[in-house]
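All remarks here apply to the structure that follows.
The values are calculated or read from the model by the stated rules, or taken from the named source; none is laboratory data. Since the structure is predicted, the reported quantities are computational estimates derived from the model, not experimental observations. Ideal geometry is used to build each Cβ from the backbone, glycine not excepted, and the neighbour counts take in all protein chains shown.
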Amino acid sequence: MSLSSVKTTPWWLSFWKFSRPHTIIGTSLSVVALYVICAGASGEGVLVYGWRHFPVLLGAWLACLCGNIYIVGLNQLQDVEIDRVNKPHLPLAAAEFSLAQGRWIVAIAGILAIATAAWQGVWLLATVGISLMVGTAYSLPPVRLKRFPFWASVCIFSVRGVIVNLGLFLHFHQGFPVLPPVWLLTFFILVYTFAIAIFKDIPDTEGDRQYHIATYSLRLGAERVFELARWAIGFCYLSVIVAGGFFLPGVNPWVAAVSHAAVWAFFWWRSSQVDLADKAAVTRFYQFIWKLFYVEYILFPVVSLPVFAVA
């Protein structure tokens, strides 16, 4: 085969894969959702507030985006051999990026995340700084918490569930008190990301077993973990229906109840169709769970907006 016939992946496409797009989308939506909730609560109206404070939104998004790339990139740098078995399409595992390139990307992303957050304020600096510390402890030896199922899941749902939601709200709102809809969103995402944390290893048992990563899927079995994740997600939707629909101030009860009941029913039907013996089907369902994660960050501002002024 001649050199001219060898196909190479464009740098930007390799970088996009390196950034783990499903996490980038989730991070972006969380930033925008918390901003919209704060805008609605400001008394200025969402459109007025959104336009006046747009640089604040942009700065927070850039800091969180860089932090996201640092965390997922560091994990890939430490998992090259495992990813060659579990995720051979990733740029380091596929040799689209060298280890040196990966290290440079991670280092630059980490520096930019901290610098941008520090420029924006103490709440964002705390949010990004703590997230990066947890992400480092998750992946990097000698701590490498991902070796331990319990601590690995704690890392994931503490960052996605608590640190991101409360930290971004406090940044946009410039401190306490935290609004009831934000507490509810935090609880929802906390439990939901627990489900993501335990589910994500179901398709990766081959590589995890080979490199002695003791995941819940290996310890308990894929079927038990799948059912646990399924019921945890169902509990999330039920909690919003009950708390948001009947007890929690600041939330439109009908919008909360009807929208979450509909999504829950669709999720339950979709989950009943998954064949755990089919790795491709399990991976597709994992991506489906992430799509519902995105949907929640769209629903929550909508659930809250009727209580506040829109314009």
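Below are the figures for this structure:
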| item | result |
| --- | --- |
| Filter pass, Val143 being aliphatic (A, V, I, L, M) and in a loop (DSSP other than H, G, I, E, B) | yes |
| Flag for Gly250 being in a helix (DSSP H, G or I) and either touching a helix residue (DSSP H, G or I) at 6+ places or on another chain (Cβ under 8 Å) or loosely packed, with under 14 Cβ neighbours inside 10 Å (or both) | no |
| One residue from Ile24, Ile82, Ile71, Ile108 being out of contact with any Asp or Glu (no Cβ under 9 Å at 6 or more places or on another chain) and either modelled with pLDDT under 90 or surrounded by 17 or more Cβ atoms within 10 Å (Cβ to Cβ) (or both) | Ile71 |
| Meets criteria (over 19 Å from the mean Cα position of the chain (by Cα) and β-branched (Val, Ile, Thr)) for Val242 | yes |
| Meets criteria (closer than 26 Å to Tyr286 by Cβ and either of a type outside the set (Gly, Ala, Ser) or surrounded by fewer than 18 Cβ atoms within 10 Å (Cβ to Cβ) (or both)) for Arg103 | no |
| Residue count for region 66-89, restricted to those that are more than 18 Å from the chain's Cα centre (by Cα) and within 19 Å of Ile156 (Cβ to Cβ) | 7 |
| Enumeration of residues in region 167-179 that are of a type in the set (A, V, I, L, M) and surrounded by fewer than 20 Cβ atoms within 10 Å (Cβ to Cβ) | Val178 |
| 1 or more residues under 30 Å from Ser304 (Cα atoms): qualifying helices (runs of 4 or more DSSP H) within region 46-112 | 46-52, 54-78 |
